[in-house]
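Visitor: Could you have a look at this structure, given as C-alpha cells, before my questions?
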Amino acid sequence: MAEWDDVRRIALSLPETDEHASYGGAPAWRVKGKSFVWDRPLGAADLDELGDDAATGPVLGARVADEGEKRALIAENPTVFFTVSHFDGYAAVLLRLDAVSPTLLREVVVEAWLVRAPVRLRREHEETLVRSLASGRTREPPPPE
C-alpha cells in the first residue's frame, strides 16, 4: 500500500521537480511548472458517477501520454486505475493510492514526469529514468549542501 510520502519521495527524486499546493491546498508535483501527479480527492459528482465502485481512500491523478494509454491502464488493472467523466478527453488517469504497489507507483510517477518534462530535460534524463524503472529504483535526491 502506497502513501503520500511515497509519492512525494518518488516525485521529488526526479530532476527539476517541485511540490506545490493545487486546488484546495492539495499537494501536486510539477516539472518546470507543469503538473504531472497530484492529489485528486473525489467530489460529490465523482462519487455519484462511480457509485459503489468509488475509491474510499486517497486518489492520485497522473498524466499519461494519451487517451489510449489511459484506457490500456484501466483495462489492465481496474482495481488500481480508473477515471471519471471529468477527465474525458484528457490524458490523465486516476489511481487508488492504497491499492498500488510501490513498483507500479514508481512507474506511474516516472512515466508522468516523462510525459510532462520539456524535451531538453526529458532527453537529458530519459535513459537513466527508464533504466531505473527496469531496476526498480529512482535516483536519490542529492544531499543538502
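The values are calculated or read from the model by the stated rules, or taken from the named source; none is laboratory data. Small disclaimer: the values here were computed from a predicted structure and weren't measured. For neighbour counting, all protein chains shown are included, and Cβ atoms are generated from backbone atoms with ideal geometry for every residue, glycine included. All accessible areas refer to the heavy atoms of the entire protein, side chains included, with ligands and DNA or RNA removed. Shrake-Rupley method; radii C 1.70, N 1.55, O 1.52, S 1.80 Å.
Visitor: Consider just the alpha-carbon atoms of the chain and return their Rg together with their Dmax, both in angstrom.
Guide: Taking only Cα atoms of the chain, I get Rg and Dmax of 14.8, 50 Å.
Visitor: Quickly rank 37-45, 83-91 as a protection proxy: mean count of other C-beta atoms within 10 Å, highest first.
Guide: The most tightly packed comes first, giving 37-45, 83-91.
Visitor: In deg cm²/dmol, rounded to 500, what helix-only [θ] at 222 nm does the chain give when every DSSP H run of at least 4 residues adds -39500 (n - 2.57) and the total is split over its residues?
Guide: Values: 5 runs with 58 residues, N = 145.
Using -39500 (n - 2.57) per qualifying helix, the result is -12500 deg cm²/dmol.
Visitor: Quick one: with all protein chains in place, what share of the accessible area of the chain is carbon or sulfur, to the nearest percent (1.4 Å probe)?
Guide: 51
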